[in-house]
Each structure stands twice: as C-alpha cells, then as structure tokens.
1. How large is ³J(HN,Hα) for each residue in region 157-168, as worked out from phi by the Karplus curve 6.51 cos²θ - 1.76 cosθ + 1.60 (θ = phi - 60°), to whole Hz, x for Gly and Pro?
2. Using mean Cβ contacts within 10 Å as the protection proxy, how do 207-218, 119-130 order, highest first?
3. Step through the residues of region 48-61 one at a time and calculate ³J(HN,Hα) from phi using the Karplus curve (6.51 cos²θ - 1.76 cosθ + 1.60, θ = phi - 60°), rounding each to whole Hz and writing x for Gly and Pro.
4. Could you work out [θ]222 nm for the chain from helices alone, using -39500 (n - 2.57) per DSSP H run of at least four and dividing by all its residues? Round to the nearest 500 deg cm²/dmol.
5. Taking the Cα centre of each part, how many Å lie between region 167-205 and region 407-464?
6. Explain nothing, just the number: relative contact order of region 148-461, from Cα pairs under 8 Å at least 6 residues apart, as a whole percent.
7. Among Gln153, Ala392, Leu88, which residue has its Cα furthest toward the positive end of the charge dipole of the chain, with +1 on Lys/Arg Cβ and -1 on Asp/Glu Cβ?
8. Please figure out what share of the DSSP beta bridges in region 2-136 is antiparallel and state it in percent, rounded to the nearest 5.
Amino acid sequence: MARVRRVLGESIRGRRGAPLEPLDRARWRTRQGKLSAHDRRWAQACGFDASPGQLCLIPNARGELSRVLAGVDLSSPPFALGALPSLLPHGDYVLDDGGLGNALLGIEDAALGWALGAYRFTRYVASTKETARLLLPRAVLNEVTPLLDAIAQVRDLINTPSEDLGPAQLCDAVREVARGYRAECKVFEGGILKREFPTVHAVGRASSQAPRVARLRWGKPSDPLLAIVGKGVTFDSGGLDIKTADGMRWMKKDMGGAAHALALARLVMAARLPVRLLLVIPAVDNAISGDALKPGEVIRTRAGVTVEVDNTDAEGRLILCDALAACVEEKPDLLVDFATLTGAARVALGPELPALFANDDRCAEALLAASRAQHDPLWRLPLWHPYRTMLASHVADLVNTGASRHAGAITAALYLERFVPATIPWLHVDVYAWNDGDRPGHPRGGEAQSLRAFLAFLRERYSR
C-alpha cells in the first residue's frame, strides 16, 4: 500500500497537479486545433508529434508548468503510461480528458500502467530518482491497489536471490499473506513432508535449505473449492544433470510460479470471491550434494504413481505432481497451476506470452476471453495425447522427461495431466515470469504474467 501511495495519490480539493494529456499520433492530429494558440505554438516549436515517449512541457506566462503533452503507445493499453513516471519531472499530475485521459485509455488502466512503470526493486540498492505521481479519485485507488500490491509482491519475490529467499522464506511469505486475510496456513517439513509429499522431498533433499510445502485454506465450507498450485524452486542448479552457467544464471526466478499462485490467492481473498480457497506451494532448492536425486531413481509419488527420473533438471513437474495430487484428493471445482516449467515454451512463444494448457475447453475459452479483455496475453497449446508415449518407462508408470526434445512444453503438461482426473477442470500455465529488458510498465526483472486475466476470469466464474 505504501509503495502504491508514493506513485499514485488521491485527487482531492486543494491538491493541484499539472494537467497531463496522453496522446497517440492519431489523437494528436485532431487535438492540435483545440489547443490555445500559445500551447499550439509551443508544441510546434518543440517538434512534438506524439511519438511514444515524447514529452512537451508547456509553461504558463510565469514560467510555471501548466500542461504536459505526452506521446504514448496504445498497442498495450494498460501500459501506455508506463514510461511517464520516470520521464516526467518530479511532481503531481492529473489526467486531462482532452487527451486520452479516462475516455479512451480507461482511468484504471492508466493507474495500473503508471504504477507498474514506477516499480523499482530496492532491497539491495536505493532508488536514485524520485518518480512523478499521478492523482486519481479515491474509488480508483481503492480498486487498483490490491492488484498493484499483488503484482509488486510477485516481482519482489522473483527478484530476491536465493540466499534471502529459500524454501523457508517462501513459506514465510505464504504465512504472512495468510495472517493478513485470517486464513489457515500449515507448512509440511521433515519426516511428515517425506511421507506426505515424497517427490518434493526427493528433489529438495540434497540442499542445506530443507524442502517444504506450504498449504493455505480460506473461505466457507459451503462454497466451491478453488485450488491453486505454484512451482516453488527457489534456485535450480539442474541437480546432477547440471545446467550450464548461462542456463543457471537467472534460476532464482524458478519460484515464479509460486509467486503467481500466492498473488492470485491473495487477490481472491481481497475480492472476497465466494470460493473455498486451497493454495499449495511446494518449495525446494534443487541443489547438488552426496544425497542428490540421481538419474534412474524411481519415486513413488503421493498419488501412488511411480516415476522414473530421466533428468534431474526436470524437477518442477516432480514437485508439482504431489501438490496437484493433494488438491485432487479434495475434488476441487477448478484446479489452476503456475510454473516456470520449460524452456520449450519460451522457444515456441517467446518471453511475453505464457503457454496455457487446459483439459476443459469452456474454462480455456473463458480465460482466453478475459485475457483479451485485460490485454494480459495467454496462448493455448494442445494436450496432444499421442505424445504420451514419449513419457513411457520400462521400469515405472512413467518417466519425468523423454529422450527427445520434441514438444517439450506439451510433454511436461502431459506429465502433469497424469495426476489430474478428466472430471476436474484444470488450467496449467507455463510462465516465464521475467522481463529480459526494460519496456514501459515492464522494468527488467521479475514479472507477473496472466494474473490480471485470471482475476477477471475468476470474478466472472464465481460472480453471485
């Protein structure tokens, strides 16, 4: 909340801000003739043509800032204003309806893009530049603040290196959210973990940071059960099938699925959706030691399915299968999981487009419709059942990854599907959770992807 208030303020009587007109080139062509002669001449002298990122600071007769014209890109409406907090001089600004304002852009989208563009991860280095602040009606602030806080938490968790965010600290984050919403939280570790979640224990047993599973419950027993799972690998060395240096460099982000799952859970609780919420986050450090998981081992999972370990770097699906099985036992109305699961999804779709897999067409279509409405992209890939043969094992029920690299994202999803009955609607998102560089509204580092789409989808699905 405090972080949001530094970049978004309440527009109350007596608090003045410089009028800000966001404009794209098409709008600028029709807007020029409506400006005062002074403002029009000033814009012409500055060469302003509403190119994205271009600013025109117009002074009044006393030399004070009286109006700002800002060129923006509307190809991603929620992030059109994402570059402005850093580009504009420090101070307060109000949207002017003469530009895009709240007419074409949408005032909530403007607030969202502004605040997300102002995000900085400051745990280890202080921000050296004060950002501009956008003044908005209280109702808008109240609407966007829970979402902004949740997205900021996703980014913060992913950006935090593993020495400060191991399995214990990730479970502590779940406990903290549970306290904030009076939810029940239990953490499994030690011998109980080995018995209840054997694959989680197997993947995490080599690390000095012991594996854990955090489980959160919230809601009325009479409401439909919504189960959410997130992959929480706080660092992924690859295990004995060790990654290359380049492949390992950013593996602090391999708990991005857990960050998304926790954020969606807190948004469900903040919105007081009429559901009985179950959140399960398996948390491990995939390390190497004398007790490390070995290729060729066979694990009997929570569901009783035996899995042969072909590659220790395919650990995400191992910890997820026990978490999914725990949720399936309670027969949820809907099961959702998030995971930074495969490089194959990134090869197919790139960093900005999470891969969606679903065993229920109606759920998938509803989520994709919400994705389009929220400009929060997802792309559905098929659960192509003939590829199940790629997961065949001659010593166990299945293998955790096949010898071929073909269809890597699909075979990973098919592995998970083995633990979800067809009678339970299931949505699996293979998410990158990272920005490789800076874009308006998307600073480099950890990122929340598909979160706004899921919130809109769940609001619609569980609206009374």
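All of the numbers you see were taken from the coordinates with simple rules; none came from a lab. Computed from a prediction, not measured in an experiment: that's the story for all the values here. Heads up, the Cβs are rebuilt from the backbone with ideal geometry, glycines too, and the neighbour counts pull from every protein chain shown.
1. These are the phi-based 3J(HN,Hα) values: 4, 5, 6, 6, x, 5, 5, 10, 9, x, x, 5 Hz.
2. Per-residue Cβ counts within 10 Å, averaged per peptide and sorted highest first, yield 207-218, 119-130.
3. After applying 6.51 cos²θ - 1.76 cosθ + 1.60, I find 6, 10, 6, 5, x, x, 7, 10, 10, 8, 9, x, 8, 5 Hz.
4. Details: 16 runs with 162 residues, N = 464.
Calculated from helices alone, the mean residue ellipticity at 222 nm is -10500 deg cm²/dmol.
5. So the two Cα centres are separated by 22 Å.
6. 22
7. Value: Leu88.
8. 30
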